[in-house]
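Written below as structure tokens is the structure these notes are about.
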Amino acid sequence: IEIYSLHVDSKVTSRFAHTVITSKIVNRANESQEATFEVELPKTAFITNFSMSIDGKVYPGIIKEKAAAEKEYDTAVSQGQSAGLVKITDRKLEQFHVSVNIAAASKVTFELTYEELLRRQLGNYELLIKVRPKQLVKHFQIDVHIFEPQGFSFLEIDSTFMTNELTEALTKVQNETKAHILFKPAIDQQKINSELNETLLNGDFIVRYDVQREATAGDIQIVNGYFVHFFAPRDMPVFPKNIIFVIDRSGSMAGRKIEQTRSALLKILQDLRPEDHFSFITFNSKVVEWKSSLLPATEENVASAAAFVQTLSARGGTDINAALLTAVSVLDKDESLPERSVSMIILLTDGQPTSGEKNVEVIQENIQKAINGEYVLFCLGFGFDVSYKFLEKMALSNGGIARRIYENADAALQLQGFYQEVATPTLMKIEMQYPENAVEELTKNNFNLFFEGSEIIVSGKISLELAPFPVKIKAQSHTSDLTLNEEANVKEKEQVFQNQRYIFGNFIERLWAYLTIQQLLEKAISAQEEDQKALEAQALDLSLQYSFVTPLTSMVVTKPSDQQQAELANKPTEAG
């Protein structure tokens with residue numbers, strides 16, 4: 001079985017990425033063999049299309065409602081063939097895997113398409129392409145076209161497998177708003193050495209960039225009646241943070257996990273700003289407060305906290321409920337905290353609640369009632385013994401997010417990385433306002449907090465064409481209440497995307513659909529049951545209309561009739 005051609009073609013327009021992976025395989029044996037197509041794609045992406053063509057006959061993937069597809073193909077499932085075509089492989093990626101039997105001398109072409117909105121994190125966007133052909137490929141290429149009307153502030157290519165030889169196969173052509181990156185290594189350049197027929201191409205190929213930001217009220221782009229508004233203000237004063245770290249030190253954290261936690265916390269302590277206040281609560285079946293109130297992050301207090309962190313050891317049960325309630329009450333009764341500041345609780349746990357209140361629904365209710373919208377709760381789940389669903393619901397119900405920390409060598413870096421994302425809140429209570437009678441089907445337009453290095457994105461449908469399209473942003477900064485105004489010239493904006501040869505037609509409409517589906521699914525996590533059903537029904541409709549494989553849809557992968565039945569490709573979620 002030889003992969004004689006492998007092309008990755010990525011087009012990114014205003015952060016929305018459309019990637020097509022095409023693999024052509026020939027069976028050089030004189031008997032039939034199995035050909036496999038294996039691709040790793042970002043978890044944040046939705047697959048939108050898949051097909052295989054065998055000797056010219058095309059077998060398309062068909063996207064259906066998940067429940068219906070599973071019912072229709074339950075025979076295939078019950079025969080145990082559906083171990084699932086898509087599975088999570090690491091903290092950023094999931095793998096799509098299909099095999100098909102092809103006759104001697106036959107050829108098969110696999111083609112997979114997926115789309116994603118690149119999210120700004122720590123000041124840049126990242127297009128991640130995983131490269132792992134597992135053999136030398138005669139025609140191999142990665143072709144990336146990026147068009148950012150705001151213009152690039154920087155663009156770099158980063159790869160985990162580059163050698164001097166391979167760098168010669170890489171070209172980058174860039175002007176103010178467009179970039180074209182082509183990586184096309186010949187067979188000899190792919191070899192580990194001239195004797196061995198083994199490939200160097202194994203790892204990440206990353207394009208990282210950021211854009212210029214001129215307008216204070218962000219940037220608006222309009223195509224075919226849909227708009228997207230990007231907002232990432234610069235040079236804003238940072239809010240002081242009041243931050244309580246709630247750290248699990250139950251028995252299961254013993255060994256490497258608690259060591260990595262210690263090492264991450266020591267680094268995070270160094271990153272606190274002098275105007276921040278902080279404290280620690282550690283818990284197993286007992287809850288221990290490091291101090292009874294929050295302390296300012298002076299050198300002395302940070303040093304004393306570091307000494308405390310060094311002593312953290314792990315044994316005993318897990319009382320998540322009592323630990324979080326203690327954190328809330330420490331914040332509640334502290335009257336010395338700065339007036340305009342952001343209070344947050346960061347929970348790190350690796351397991352289920354095993355002591356005190358064990359019913360996760362009761363815990364969720366208790367915490368939501370106690371926090372009462374005053375503070376933000378972030379939940380970090382260490383490893384795979386946590387109930388991620390529980391942590392995610394609790395975080396989303398209290399204005400925060402959940403993140404799984406993978407038990408790898410870089411767990412401490414994952415913890416630090418998360419802290420850096422939330423370390424610099426610069427705006428709170430952000431309202432993105434648009435003319436009421438002129439827009440509909442808006443995505444989320446009220447945000448609790450904005451963190452430096454990230455970006456707020458709002459998209460919607462323009463129902464009434466106003467000559468200048470006005471937008472208004474209201475927010476609170478550390479020093480004042482802000483109102484920012486901007487007007488977009490619709491005709492001029494539409495012009496930007498005319499005749500750009502690598503724009504896929506209605507990309508803002510697809511961006512809007514992608515964002516809406518993600519937000520509906522997220523909202524459904526913390527909603528009451530009836531609301532949950534309505535939100536999921538809306539998300540399902542959009543998933544089918546725009547053909548996205550989301551947690552509510554399945555792609556039926558059809559195969560030649562002489563082979564086993566169709567298989568289902570489902571979107572895995574972190575909560576399993």
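For segment 205-228, taking the residues that are modelled with pLDDT of 95 or more and open to solvent by 30 Å² or more (accessible area, probe 1.4 Å), the one that is farthest from residue 3 (Cα to Cα) is identified as 212.
Please pick out the residue among 534, 524 that is more than 26 Å from residue 17 (Cα to Cα), open to solvent by less than 60 Å² (accessible area, probe 1.4 Å) and part of a helix (DSSP H, G or I). So that I can check it myself, show each step before the final result.
Values: 524 fails: more than 26 Å from residue 17 (Cα to Cα).
Answer to the check: 534.
For first residues located in segment 287-308 and open to solvent by 30 Å² or more (accessible area, probe 1.4 Å), partners that are among the charged types (D, E, K, R) and lie 6+ apart or on another chain with Cβ distances below 8 Å form the pairs 287/319; 293/333; 293/334; 296/275; 296/276. Just one of the listed residues (440, 452, 407, 392) is open to solvent by 30 Å² or more (accessible area, probe 1.4 Å) and more than 27 Å from residue 16 (Cα to Cα), and it is 407.
Could you please give the count of residues in segment 335-352 that are buried (at least 19 other Cβ atoms within 10 Å of the Cβ) and either at positive phi or of a type in the set (S, T, N, Q) (or both)? Number satisfying all stated conditions: 2. On the stretch given as segment 433-471, residues that are in contact with a Ser or Thr (Cβ under 8 Å, 6 or more places away or on another chain), touching a residue at least 40 places away in the same chain (Cβ under 8 Å) and within 26 Å of residue 124 (Cα to Cα) total 8.
Does segment 394-407 contain any residue that is of a type outside the set (A, V, I, L, M) and assigned to a helix (DSSP H, G or I)?
Taking segment 394-407 first, the residues of a type outside the set (A, V, I, L, M) are 397-400, 403-404, 406-407.
Cutting the leftovers down to assigned to a helix (DSSP H, G or I) gives us 397.
Yes, because at least one residue in segment 394-407 is of a type outside the set (A, V, I, L, M) and assigned to a helix (DSSP H, G or I).
Checking each residue in segment 170-193 for being among the hydrophobic types (A, V, I, L, M, F, W, C) and under 30 Å from the mean Cα position of the chain (by Cα) picks out 170, 173, 179, 181, 182, 183. Here is the figure for segment 354-365: residues that are open to solvent by 10 Å² or more (accessible area, probe 1.4 Å) and either under 22 Å from the mean Cα position of the chain (by Cα) or without any contact (Cβ under 8 Å) to a residue 60 or more places away in the chain (or both) total 8.
Going residue by residue through segment 29-37, is there one that turns out to be acidic (Asp, Glu) and open to solvent by less than 30 Å² (accessible area, probe 1.4 Å)? Break it down stepwise before answering.
Quick first cut of segment 29-37, residues acidic (Asp, Glu) only: 31, 34.
Filter again for open to solvent by less than 30 Å² (accessible area, probe 1.4 Å), leaving none.
No, that holds for no residue.
Of the strands (runs of 3 or more DSSP E) that lie entirely inside segment 228-323, those containing 2 or more residues that are within 28 Å of the chain's Cα centre (by Cα) span 241-248.
Which of the residues spanning segment 7-20 are touching a Leu at 6+ places or on another chain (Cβ under 8 Å) and open to solvent by less than 10 Å² (accessible area, probe 1.4 Å)?
Taking segment 7-20 as the starting set, the residues that turn out to be touching a Leu at 6+ places or on another chain (Cβ under 8 Å) are 10, 12, 14-17, 19-20.
Once the filter is applied, which keeps residues that are touching a Leu at 6+ places or on another chain (Cβ under 8 Å) and open to solvent by less than 10 Å² (accessible area, probe 1.4 Å), segment 7-20 yields 10, 12, 14, 15, 16, 17, 19.
The values are calculated or read from the model by the stated rules, or taken from the named source; none is laboratory data. This structure is a prediction, so every number in the text was calculated from the model and none was measured. All Cβ positions, even for glycine, are placed from backbone atoms using ideal geometry, and neighbour counts span all protein chains on display. Each accessible area value is taken on the protein alone, full model and side chains, heavy atoms only, with ligands, DNA and RNA left out. Shrake-Rupley method; radii C 1.70, N 1.55, O 1.52, S 1.80 Å.
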